[in-house]
Amino acid sequence: MKLMNYFICACLAITTLAACNNTATVKETVAIKAAISKQDWGETDGTKVDLYTLVNTKGSTVKITTYGGIVTSFVTADKSGNTSSIVIGFDSLSGYLAKPPYFGALIGRYGNRIGNATFTLDGKEYKLAANDGKNHLHGGVKGFDKVVWTGTVISDTLPALTLTYVSKDGEEGYPGNLKVIVQYTLTNEDELKIEYTAETDKATPVNLTNHSYFNLSGDVNNTILSHTLMIDANNYTPVDSTLIPTGEIKVVKGTPFDFTSPKAIGAEIDSVKGGYDHNWVLNRKGSILQKVAVLADTASGRSLEVYTTEPGLQFYTGNFLDGKLVNRDGKAIQQHTALCLETQHFPDSPNKPAFPSTILQPGQQYHTVTVYKVVLKN
Ligand code: BGC
């Protein structure tokens, strides 16, 4: 309701400005207050689901549901002032209950794949669900993307929301009770900031990420092949035929994986079997938040800067999208019409001792931050 009032005020101000423009140049600034509001969004398995709307002073909005912590839309203006969502998604819960491939969702306990759905920790072998051929993908059959999180609003005037979920010892085969808190904040600089924290009572692998699918044109009739991308990474982790890293760290220079300077995504995609679906080893050093990637679409004037504290980035070009799912605007979501930039540790790290460790120990705090910032260029 509160949000509605802001929009009505904004519309009135715009109308007044237009009427005045015929006679004199009167400049009025449209004041939009940053806010957060909540609405009922149905239920699943008897549990109520909510949808939160975050709005900043530019009028950009992010909608997040407690089902899977999913970012259902991220609406910003393009260079002509037209607004549309830069992430694909649905306007009702039913679309998400039909299990789309992780659209906008929080991914856990383990983002991406664990080979043979098995790992050994402290001498004990753990068997996970094999939900991607023989491998384990994105936390299993009912990962963090398919559970209902508890939402808490920090303040009505700050567009920030925390989502909490406690994953029980043994859930999806993982050891330890894991308490996860994810904070989403929409800043007035059009940054969607995602802060992940977790604690466990037994050693366990943890690798949390967000699986938003971006199309900066805001229209899935356009592919993402003409978007340009820069990834600040000199290396990537090659994969086998089931998309499990071979364990090698390879240089990108001279290969289609070289995005060290901005390059059209479609430029060399045909040389990569199946399209891009790989982890880049980010050049970032230390633990501070650093810019690691820039995606750009000249037609809309939108760029997306990605900042993270994570060592890896899974760049996935929507290779398995096949037109069967329909975006909120009724348009079929075809292959390569949206892409993911998933900040993370490397896939299959629990079985690759040379990769940075993903094991969280009792008494330690898991803490990572990722920011997706929309920038307009004319
Ligand atoms: C994976 C893809 C997978 C997609 C959707 C990405 O993170 O790397 O292989 O198809 O998620 O499940």
Checklist outcome for this item: Flagged as over-length at 22 Å C-alpha distance, from 273/377; 193/263; 127/352, the pairs are 273/377; 193/263
Checklist entry - Given springs between every Cα pair under 10 Å in a Gaussian network model of the chain, which of 255, 209, 228 has the largest fluctuation? => result 255
Checklist entry - Could you give the alpha-carbon Rg of the chain over 2.2 N^0.38 Å, rounded to two decimals? => result 1.00
Checklist entry - Which of the aspartates and glutamates could a cross-linker span from residue 168 if the Cα-Cα distance has to be under 16 Å and same-chain partners fewer than 8 positions apart are dropped? => result 145, 199, 201
Checklist entry - Residue by residue, what Karplus-based ³J(HN,Hα) values in Hz, rounded to whole numbers, does the stretch 201-213 have, using 6.51, -1.76 and 1.60 with θ = phi - 60° and x for Gly and Pro? => result 10, 9, 4, 7, x, 9, 8, 9, 8, 10, 10, 5, 9
Checklist entry - Past the 32 Å Cα-Cα mark, which pairs from 33/142; 324/373; 79/331; 202/253; 63/324? => result 33/142; 202/253
Checklist entry - Gaussian network model of the chain, Cα springs within a sub-10 Å range: biggest mean-square fluctuation belongs to which of 245, 353, 262? => result 353
Checklist entry - Using a probe of 1.4 angstrom, how much of the accessible area of the chain is carbon and sulfur, in percent? => result 53
Next on the checklist: Could you put 152, 204 in order of accessible surface area, largest first, with the 1.4 Å probe and the full protein assembly present?
Outcome noted: 152, 204
Item to check | Estimated vicinal HN-Hα couplings, Hz - the stretch 47-61 in sequence order (Karplus 6.51, -1.76, 1.60; Gly, Pro = x) | outcome: 9, 5, 10, 10, 10, 9, 10, 9, 10, 10, 5, 7, x, 6, 10
Checklist entry - Which angle between 0 and 90 degrees, to the nearest 10, do you get for helix 2-21 versus the longest principal axis of the chain when only C-alpha atoms count? => result 40
Next on the checklist: I'd like to check one number: the per residue accessible area of the chain, probe 1.4 Å, reported in Å² as a whole number.
Outcome noted: 42
Checklist entry - Relative contact order (percent) for the stretch 254-374, with alpha-carbon contacts under 8 angstrom and 6 or more residues of separation? => result 24
Checklist entry - Which of 131, 107, 162 sits closest to the plus end of the dipole of the stretch 103-162, meaning its Cα is farthest towards the positive end, when Lys and Arg get +1 and Asp and Glu get -1 on the C-beta? => result 131
Next on the checklist: Let me spell out the model: positive unit charges on the Cβ of Lys and Arg, negative unit charges on the Cβ of Asp and Glu, origin at the Cα centre of the chain. What dipole size does that give, in debye rounded to 20?
Outcome noted: 280
Item to check | Dipole of the chain, positive end: most advanced residue of 192, 354, 209 [Cβ charges, Cα centre] | outcome: 192
Checklist entry - Say we join alpha carbon atoms closer than 10 Å with springs in a Gaussian network model of the chain; which of 164, 53, 298 then has the biggest fluctuation? => result 298
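The values are calculated or read from the model by the stated rules, or taken from the named source; none is laboratory data. All of these numbers come straight from a predicted model, not from anything done at the bench. We place every Cβ from the backbone using ideal geometry, glycine too, and count neighbours over all the protein chains shown. The area values use the complete protein model at the heavy-atom level, side chains included, leaving out ligands, DNA and RNA. Shrake-Rupley method; radii C 1.70, N 1.55, O 1.52, S 1.80 Å.
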